[in-house]
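Worksheet: one structure, shown below.
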Amino acid sequence: MKTLIRNAVVVTMNEQNDVIDNASVVIDGTRLSYIGPVEWTPPGPFERTIEAGRMIAMPGMVNAHCHSPANLVRGMMPSKPLEIWRAYYRASLRDMRDEDFYASALLGGMEMLKAGATAVLDHFFGNQACPFMGAGAAILAMRDLGLRHVVALTLSDKNYEETIPLGESASNLSDEVKRMSASEAKATQAWLDECEAFIDTFHHPEKLTVCCPGPSAVQRCTDELLTGAAELAQKKNLPIHVHLAETKAQAVMGKQLYGTSLLQHLASIGVLRPNLSLAHSIWIEPADIELFAQSGTTPVHNPASNLRIGSGLAPVKQFLSAGVNVALGTDGSASNDGQNMFDALRLAALIHNQAGTDFNQWVTPVQALSMATRNGARAFGLDAGVLAPGMLADLVLLRRDTPAFTPLNDVMGQLVFCENGSSVDTVIVNGEVVVEGGRPTKVNEDEVLRLAAQARTRLDPSIQRELTAAQTMEPALAEMYFRVFGGK
Ligand SMILES: [Zn+2]
């Protein structure tokens, strides 16, 4: 099937960052075959023509880090430091079943598509009582939506309480933390076997699914698990995704465990590589920036989540100055509270402009858009994030007759600073129209909302019970937090 999109303003995000006025885009099957001036458009016939004279075309955004089970608890988690927040978030997952994981991924995926993301990395942790923790249900939801997805199965083979710098407060920890730990950790080889079986079962790029290993975080895994996961990814030519240095407590733990930064430890065991992406990468050392640049490893910036739970500010300007491939994500809805990549884009372009710093290094619209598009695609090995012949046909058409783009002064600046997703009209993934007129085409929007609300209602007694139980963990974790930062 051949599709012609005619007369759009095309933001290509190619190497030259070309913006082409009055351009055509031709889609041939699942790939782009032409982007350029209307007058040079190759002859048809075209099965479908989209008149885009009042539209802007851009590559679909790549949401490079999220957790799909979190969509049912948006807006309700306390704004507290990650270690405390995490106790509550994990408690909310404890009784989720496949149908809940499906409903949650459907809700978040629909939100992403409607706001111009065409691919997502789902760092999946669910419920160990379900096959593959429920990841199969999330995959089904994203296929039903027509959203391209990379699902990194979360692995951890250490007890949680041994991976945070509790010190004296360890003895004050309730039985609750042990119960939480027991529901998460698994033996090293069992995880590696499960991850390989998961990949063998669900990895089907032609069905929009890429599967890969997702070790939870460096300090949460033995070296055997980290290197085993990296070898598995290498063997199957897949990416690998890990949380890195999201909080100061994690960096402190890294020093205790390894005597180096968490990233230097990954380097020492041979895990750094271009297909490795590291969510957050906040509490790193100056020398780590060069390690990122040399190895081609991608840090994933999640500005909303980092602000919501006070994790800190990633050194994005330093990354960009050093030529590091920074990608952008929303993180889960338990720490962001939505899945809108335009929010992430705007925050990424705003929060690094701090008084007294070198304004020549502040994040530009082109840099922010690169993080949101081609950099994420590159980290996951997807031929996407750029509008160029041969690339996957994953793109977004935005209406120009909206306040965000009126008058049209600087299309890149307006995509970053003015747009919030409400101008998105048409979204195409793998050559298929999955959002048209701002509405999803493959699912019924009202039904998605109904399923999500119904799942949340069904889970409510368990969520209330587990959140109350999780409160007993807070004093010891709070003590640790204040100690790490040198007192109240
Ligand atoms: Zn995360």
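Hey, can you tell me all the residues within region 322-342 that are touching a His at 6+ places or on another chain (Cβ under 9 Å) and either of a type outside the set (Gly, Ala, Ser) or more than 14 Å from the ligand (Cβ to nearest atom) (or both)? Of everything in region 322-342, those that are touching a His at 6+ places or on another chain (Cβ under 9 Å) and either of a type outside the set (Gly, Ala, Ser) or more than 14 Å from the ligand (Cβ to nearest atom) (or both) turn out to be Val326, Leu328, Thr330, Asp331.
If you go through region 52-77 and keep only what is open to solvent by 10 Å² or more (accessible area, probe 1.4 Å) and either part of a strand (DSSP E or B) or over 28 Å from Ala141 (Cα atoms) (or both), you end up with Gly53, Arg54, Met55.
Please specify each residue of region 283-305 satisfying the condition of being touching an Asp or Glu at 6+ places or on another chain (Cβ under 8 Å) and either within 15 Å of Cys66 (Cα to Cα) or within 12 Å of the ligand (Cβ to nearest atom) (or both). Listed by number, the residues that qualify are Asn302, Ala304, Ser305.
To keep it simple, each residue is scored yes or no on (1) of a type in the set (S, T, N, Q); (2) surrounded by fewer than 20 Cβ atoms within 10 Å (Cβ to Cβ).
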site: Val416; (1), (2): no, no
site: Glu419; (1), (2): no, no
site: Arg465; (1), (2): no, yes
site: Thr468; (1), (2): yes, yes
site: Met473; (1), (2): no, no
site: Glu479; (1), (2): no, yes
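When the helices (runs of 4 or more DSSP H) confined to region 392-488 are screened for residues that are within 27 Å of the chain's Cα centre (by Cα) and without any contact (Cβ under 8 Å) to a residue 40 or more places away in the chain, those reaching at least 2 such residues are found at 445-470. Of the residues examined, Asp98 is not one that is without any contact (Cβ under 8 Å) to a residue 40 or more places away in the chain and in contact with a strand residue (DSSP E or B) (Cβ under 9 Å, 6 or more places away or on another chain).
The condition of being away from the ligand (no atom under 16 Å from the Cβ), exposed (fewer than 14 other Cβ atoms within 10 Å of the Cβ) and closer than 29 Å to Leu328 by Cβ holds for only one of Gly29, Gly36, that being Gly29. How many residues are away from the ligand (no atom under 13 Å from the Cβ) and assigned to a helix (DSSP H, G or I) if we restrict to region 306-321? Residues flagged as away from the ligand (no atom under 13 Å from the Cβ) and assigned to a helix (DSSP H, G or I) within region 306-321 amount to 7. Close Cβ contacts (under 7 Å, 6 or more residues apart or on different chains) running from residues in region 128-156 that are charged (D, E, K, R) to residues that are modelled with pLDDT under 95 are absent.
Starting from residues that are among the small types (Gly, Ala, Ser) and in a loop (DSSP other than H, G, I, E, B), keep the ones in region 176-221 and report whichever is most open to solvent (accessible area, probe 1.4 Å). So the residue we want is Ala187. Considering only region 1-27, state which residues are touching a residue at least 40 places away in the same chain (Cβ under 8 Å), part of a strand (DSSP E or B) and not hydrophobic (A, V, I, L, M, F, W, C). Within region 1-27, Lys2, Thr3, Arg6, Asn7 meet the criteria. Within region 443-488, the set of residues being over 30 Å from Val252 (Cβ atoms) and in contact with a helix residue (DSSP H, G or I) (Cβ under 8 Å, 6 or more places away or on another chain) comprises Val443, Glu445, Val448, Leu449, Leu451, Ala452, Gln454, Ala455, Arg456, Arg458, Leu459, Ile463. All of Pro81, Pro43, Pro69 fail the test of being modelled with pLDDT under 95 and more than 21 Å from Ile428 (Cβ to Cβ), apart from Pro43.
Yes/no per residue for (1) in contact with a strand residue (DSSP E or B) (Cβ under 7 Å, 6 or more places away or on another chain); (2) under 30 Å from Lys248 (Cβ atoms):
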| residue | (1), (2) |
| --- | --- |
| Val25 | yes, no |
| Leu32 | yes, no |
| Trp40 | no, no |
| Met55 | yes, no |
| Pro59 | yes, no |
| Cys66 | yes, yes |
| Met77 | no, yes |
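Here Gly254 meets the list (1) surrounded by 23 or more Cβ atoms within 10 Å (Cβ to Cβ); (2) within 15 Å of the ligand (Cβ to nearest atom); (3) farther than 20 Å from Thr364 by Cβ almost entirely, failing just condition (2). Residue count for region 353-372 satisfying the condition of being closer than 22 Å to Phe342 by Cβ, open to solvent by 50 Å² or more (accessible area, probe 1.4 Å) and either part of a helix (DSSP H, G or I) or in contact (Cβ under 8 Å) with a residue 60 or more places away in the chain (or both): 1. Number of residues in region 66-103 that are in contact with a Pro (Cβ under 8 Å, 6 or more places away or on another chain) and within 17 Å of Leu467 (Cβ to Cβ) equals 6.
The values are calculated or read from the model by the stated rules, or taken from the named source; none is laboratory data. Predicted model, so just to flag it, every value in this text is computed and none were measured. Don't worry about glycine lacking a Cβ; one is built from the backbone with ideal geometry, like all the others, and counts go over all protein chains shown. SASA here: full protein model, heavy atoms, side chains in, ligands and nucleic acids out. Shrake-Rupley method; radii C 1.70, N 1.55, O 1.52, S 1.80 Å.
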